[in-house]
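Below you'll find the structure, written out as structure tokens, and then a few comments.
Any read-out appearing in this document is the output of simple, stated calculations on the displayed coordinates, not a laboratory observation. Just so it is clear, the model here is predicted, and its values are computed rather than measured. Cβ placement follows ideal geometry from the backbone for every residue including glycine, while neighbour counts extend to all protein chains displayed.
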Amino acid sequence: MARAFQDRSVDDVRAYWNARPCNIRHSPKPLGTKEYFDEVEQRKYFVEPHIPGFAEFPSWAGKRVLEVGCGIGTDTMNFARAGAKVTAVDLSSESLGVARQRAKVFGLEDRIDFVEANAEQLADFVPPRPYDLVYSFGVLHHTPDPAAALRSLRRYLGPESMLKIMMYYRWSWKVFWLLCTEGRFRFWDLDRIIARSSEAQSGCPVTYSYSRASLGQLLRGTGFEPREMFVDHIFPWRISEYVRHEYRKVWYFEAMPEVTFRWLEQQAGWHLCATAGPR
Ligand SMILES: C[S@@+](CC[C@H](N)C(=O)[O-])C[C@H]1O[C@@H](n2cnc3c(N)ncnc32)[C@H](O)[C@@H]1O
């Protein structure tokens, strides 16, 4: 465990995500309505357009998917809509409450089992058995002991199963920007600087970040064989407009040709997406 997070517990993580579930403000419409959920999804995949390609929702039709850290369930709904049978786990009861309501609104309740559980001790809540896909997007870097969580997830992979995870990328534009601005070049305190501003709500208790090499090492050390890794996603929007659901890029991204911006996202994006099989 990195020294920056050694005093943080799973209870701290749960309290943080219960206070403000991930993407809960993606729509100003009345929470829990179809219009609200449609807008949440539209905004999520507009801002993070690489997610559907990474998740490959249609490939999991008729398959069993274990989603760890489902949040308010945007990807969960898309696995279920595509015809997967989903077990969706999260630590945060508040997030799960919204995700359950979402499944109800879209008539997908019979395709999704929601479970409130800690990924680090998943076998206490979900009986280990092979799933076709174990999927966790933007979650395991927030748990105090990611290696424990991955060891626990390994029990849900059979010989043909696949793991897909997104973890934050250490050598990203976002980390560089945080270090140069509010971090005031205190590189020795980088983990804490990143955690303070990694999410929409400041002060995330735990946010690890990984290079390709360190994520590969973590995966191999916990029983996985990485097959593919890619980096994507730079957030180019001006925050003052973005919170009002208006989209205007900061001047240097506005001035950048789209092809250059895409190149930069693929070199220094914030999302390190990895696909792995059992080792
Ligand atoms: C950044 S949100 C991502 C949610 C969702 N995957 C998405 O992309 O919208 C992180 C989620 O991980 C959950 N989480 C963090 N640590 C966890 C753990 N140890 N076990 C289960 N869920 C966890 C949080 O409660 C939160 O809902």
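Only one of (1) over 29 Å from residue 243 (Cβ atoms); (2) in contact with a Ser or Thr (Cβ under 9 Å, 6 or more places away or on another chain); (3) of a type in the set (A, V, I, L, M) fails for residue 88. Which number is that?
(1)
Report, ordered by the first and then the second residue, all pairs with beta carbons closer than 6 Å, sequence separation of six or more or different chains, a first member in the stretch 51-75 that is surrounded by fewer than 24 Cβ atoms within 10 Å (Cβ to Cβ), and a second member that is in a helix (DSSP H, G or I) and of a type in the set (Asp, Glu).
Short answer, once both residue conditions are applied: 55/75; 74/41.
Among the listed residues 203, 183, identify the single one that is out of contact with any Gly (no Cβ under 6 Å at 6 or more places or on another chain) and either in a helix (DSSP H, G or I) or surrounded by fewer than 14 Cβ atoms within 10 Å (Cβ to Cβ) (or both).
Checking each option against the conditions leaves just 203.
Could you identify the single residue in 101, 121 that is in contact (Cβ under 8 Å) with a residue 12 or more places away in the chain and touching a Gly at 6+ places or on another chain (Cβ under 6 Å)?
101
Looking at the stretch 17-46, which of its residues are in a loop (DSSP other than H, G, I, E, B), of a type in the set (A, V, I, L, M, F, W, C) and closer than 26 Å to residue 146 by Cα?
Residues satisfying the conditions are 22, 24.
So, residue 96, is that one in contact (Cβ under 8 Å) with a residue 40 or more places away in the chain and not polar (S, T, N, Q) or not?
Here the answer is no, as residue 96 does not meet what is asked.
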